[in-house]
Structures are given as C-alpha cells and as structure tokens.
Amino acid sequence: FAQFAQSDPTFLAKATVYARTEGYMRLAPITALVYLSMAEDKSPFKAIFDTVIRNAGDLSDFAYILESHQIRGWGQTPKKAVQGWLKAHLSPYQAIKYRNEPPMPLRDIFRLAKPKYGASNALVRWLVKEDTAGVPEMVATFLAYKAASAKEKPAYIREGTLPFEAVIGDLPTTTAAWQALLYNAPYMNMLRNLNNFEKYSVLDNMEDSAYLCKTLSDPENVKRSMQFPFRFLTAVSAYTGNHQQVKEAIYDALELSVAHVPDLGRVLIANDISGSMHSAVNGDSRIPIPCSMVAAIFAAAVFKQAADGEITPFNDQLYSANVSRRDSIMSIAKAIGRQAGGTNLSLPLQYALQQTKPYDIAFFFTDNESWGDHLQGRGVLDEIRQYRQRFPKAKFIFVQLMPYDKMQVPQDEPGVWYIYGWADTVLKHIARIAQGDSQVQYVEGIDIFAK
C-alpha cells in the first residue's frame with residue numbers, strides 16, 4: 001500500500017473503491033485509505049473518503065489504524081476528512097450504535113478529530129459528555145429502553161423506533177422480548193437469529209412461526225436482500241432447531257436467490273468431488289461447510305441460470321450428472337456433491353474436446369490438487385491449449401476454493417483466470433470475465449472524481 005500510494009495514488013484509490021463497493025471488503029480498503037492520506041497527491045484520498053467510510057464503524061477502524069504508531073498519527077488531511085464525515089453523516093442511529101464500540105469508540109474519535117459543533121448540538125453533547133438534555137427523540141427512547149425493566153422492554157421493541165442493533169444489545173432473555181423483536185427484525189438479522197428465536201420458544205407459536213417463514217421465503221424480500229445461494233446455505237447449516245417448516249422456508253429462499261446468479265451462456269461446469277474437497281471452505285467457523293458442498297451449490301445455481309451447458313463432476317473419473325434445470329438447487333447439489341477419490345482436472349477438458357459445439361466458459365470449482373493427469377504424461381495446460389486452438393474465444397475459470405499456491409496453468413496463459421478463495425461476489429467477477437472485461441480495465445474505468 002505504501003509504495004502504491006506514492007507511485008500511483010489514483011489507481012490505488014480506484015482499486016480501493018472497487019474492493020469496498022463491489023468486492024464487499026472492509027478492512028483492506030480502510031487500510032489503503034490511511035496510506036492514501038500519506039500520498040503526496042491528496043486528491044484521490046479526499047475523493048473516495050466518503051465512499052469507503054460508510055458508517056461510524058468504518059470510521060472507528062480508520063481512526064484506530066490512523067492512530068497506530070506503526071503507520072502515522074493524525075494529520076490535517078485525515079483530520080479534516082473525519083470532521084467532514086461527522087458533520088455530514090452523524091445521526092442518532094450512528095451515535096447509539098457506535099458510541100462505545102471498539103476498536104475506537106465514537107466519542108473518542110470526537111475528542112481526537114475535534115470537529116467544531118455549536119453548543120446547541122444535543123446529540124454531540126450526549127455523545128461526548130453524556131449530557132442528556134434535549135437529546136433527539138431516538139436517543140431519548142433508547143435511554144428509556146435501557147432504564148426499563150425486562151417486563152417493560154417488549155413494549156419499546158414493538159414500537160420499532162429503535163435500531164435493531166441497539167435493541168438486541170440489551171435484550172431480555174424472555175420469549176416476549178424475542179417475539180416482539182421478530183416483527184421488527186430486518187431480513188438478514190432475522191436470518192442470523194433463527195437459533196435465538198428457537199431458543200426462546202418464539203417458533204413454538206404457530207402464528208409467529210408462520211410469519212417468520214413467510215417473511216424469509218417472500219420473493220420480494222429475497223430480491224431486496226441481493227444474497228446469493230451460499231448465504232442461505234450458511235443459514236440452513238447454522239440452524240440447529242427442529243422446525244422443518246423453517247428449514248423449508250430457507251430452502252425456498254435459496255431457490256429464489258438463483259435469480260441473482262448471472263447467465264454465463266453455454267457453460268461446462270466441472271465440480272471437484274475428490275476426497276480432499278471435504279475441507280471446510282470457511283476455515284475454523286463454528287458451522288464448517290465443506291468445499292464439495294459449496295462447489296455443488298454453485299455448480300447447480302450456475303447450471304440452472306445458464307442458457308445451455310452441463311455439469312461434469314469429477315475426481316479421478318468423470319461422471320455424468322443426471323440432473324435437469326427444473327430440479328431444485330439442493331436436489332442437484334446432492335446429486336453431484338459426493339467426496340471420494342483422487343483428482344484429475346484434465347478429464348472435463350478431455351470431455352469438452354469430444355464435443356462439436358463450443359462452450360463459452362468452462363469453469364472449475366476445485367481445491368486444484370490435481371495429480372492424476374500427470375501420471376498420464378499430459379496436464380491441464382495441454383488440454384486448454386488444444387481446446388483454444390479449435391475455439392479461440394473459450395474462457396477457462398478456476399475457482400480455487402482453498403487458497404493454496406498450487407496452479408495447474410500459468411496465470412498469464414491467454415483465456416485463463418484464477419479466483420482464489422470464496423465469496424458470493426465471485427459470481428459478479430465471473431460475469432465480467434464472460435463479458436470480456438478484465439478486472440484491471442474495469443478498475444481503471446472507475447471515475448473517482450465524478451460528482
């Protein structure tokens with residue numbers, strides 16, 4: 001970051017905006033922003049500050065990194081940026097949610113940035129000095145909620161005027177409180193708190209359970225959530241309750257979320273089902289999801305949305321996937337998601353070479369630990385080059401679910417792209433590749449100075 005900020009701060013700023021807005025990254029873009037504040041040309045830093053810092057939580061991380069002696073202390077440029085952000089974006093909601101949140105509480109940011117506020121600003125007085133006189137209505141309600149008894153709190157929750165995060169941070173462990181929260185929970189918060197609704201017996205009430213299931217599986221709610229299937233797979237894997245209708249509602253939402261998956265044309269989808277794919281794609285998570293399941297879910301989703309093409313599961317053999325686009329995602333995933341055997345990445349490509357109609361994209365969900373093909377004296381690179389001799393426009397995408405440094409094909413090989421690790425946003429990146437856009441070209445085209 002430090003070298004890039006000095007040599008080409010404009011490109012770094014564009015890449016930072018891309019990572020924050022389309023890659024859904026947080027800490028890396030915020031750290032890049034700190035280094036951009038040290039660049040000789042400060043204009044890229046100023047241009048993207050409000051784009052990268054979306055809420056007071058982001059501001060907290062920025063201020064903490066800025067304060068770190070390993071990087072730099074506060075200077076006039078970042079101080080003015082923080083002051084400007086506070087004046088433009090501070091709200092009762094932000095103040096309530098982030099007032100005492102680590103790594104740097106909002107009240108400490110005020111003391112360091114020293115923004116100028118008039119004595120009449122009651123929100124700032126409460127935030128910095130705990131003066132409650134004349135505070136905004138939301139803050140007054142929050143203070144009353146904090147002081148209320150466990151029996152009184154559900155009435156405040158039912159009013160729905162407080163931020164979800166403020167309520168859940170001081171929520172009584174009672175059925176009445178969680179029942180009230182159910183009807184005010186934002187969609188994704190509802191999805192994340194299924195086990196709490198189960199724990200506090202909310203789902204034992206048929207009316208409450210029906211409301212939750214209807215909300216989760218509502219097509220408009222799923223559409224607005226903009227979530228890809230993996231998010232719902234995580235939710236159903238995390239849910240430990242016994243209410244089958246809740247699981248079915250999540251599966252319904254998962255099926256609806258396929259609409260967010262791009263149509264990639266005629267595709268060959270090769271999902272690795274070798275024994276090594278039992279590793280969890282999400283590492284040490286409390287809800288480990290094996291690479292094989294992630295590969296199968298997304299192979300199914302892309303298959304259902306594609307104009308044409310097929311799935312070819314493989315290990316050290318190639319298998320025919322007896323599935324239809326009319327099948328559900330989960331039924332397709334179960335049909336293609338076993339784990340056993342070795343790995344031969346060349347097999348799907350050998351199959352492709354036998355077909356007369358070209359594929360627009362052949363992509364692999366794999367951990368890339370291929371060895372079987374090399375025993376035959378011919379590797380993936382040989383097959384790709386032979387295929388592209390026949391069909392020069394073909395693209396090959398390796399979604400390497402585990403971030404190993406093994407590569408079967410050089411990164412600069414024409415028509416080949418590597419994606420390391422996994423996130424829902426991978427599908428957006430794949431869609432760009434399908435359209436012929438390179439990531440660097442796209443980043444270069446971002447106008448950070450547009451008003």
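The values are calculated or read from the model by the stated rules, or taken from the named source; none is laboratory data. Computed from a prediction, not measured in an experiment: that's the story for all the values here. Cβ: placed from backbone, ideal geometry, glycine included. Neighbour counts: every protein chain shown. Just the protein is used for accessible areas: all its heavy atoms, side chains included, with ligands, DNA and RNA removed. Shrake-Rupley method; radii C 1.70, N 1.55, O 1.52, S 1.80 Å.
Structure values in brief
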item	result
Relative intensity, log₁₀ I(q)/I(0), of the chain from a Debye sum that treats every alpha carbon as a point, q = 0.07, 0.08, 0.10 Å⁻¹	-0.47, -0.60, -0.90
Linear extension gain, Asn322 paired with Trp74, 0.36 nm per residue minus alpha-carbon span	83.1 nm
Charge dipole magnitude, Cβ of K and R +1, D and E -1 - the chain, Cα centre, debye nearest 20	1040
Extended-chain gain in nm, criterion 0.36 nm per residue less alpha-carbon gap, Lys199 and Asn242	14.4 nm
Per residue accessible area in Å² of the chain, where ligands, DNA and RNA are left out and the probe is 1.4 Å	47
Cα gyration tensor shape for the range 243-344, rounded if a/c is under 1.5, else prolate or oblate	oblate
Three-way shape label, the range 132-228, alpha-carbon gyration tensor, a/c 1.5	oblate
For the range 1-64, Kirkwood radius (reciprocal of mean inverse C-alpha pair distance, Å)	11.2
Percent accessible area from carbon and sulfur atoms, the chain, protein chains only, probe 1.4 Å	49
Cα-based reach from Lys223 at 20 Å (exclusive), listing lysines while leaving out same-chain residues under 8 positions away	Lys214, Lys247, Lys304, Lys428
Label-point separation in nm, Met226 to Gln439, each point 7 Å along Cα→Cβ	2.0
Charge-dipole axis of the chain as Lys and Arg at +1 and Asp and Glu at -1 on Cβ define it, positive-most pick from Tyr18, Gln439, Ser328	Tyr18
Label point distance in nm, Asp131-Ala450, each placed 7 Å from Cα along Cα→Cβ	4.3
Computed lengthening from Glu40 to Ala259, 0.36 nm per intervening residue step minus Cα-Cα distance	74.3 nm
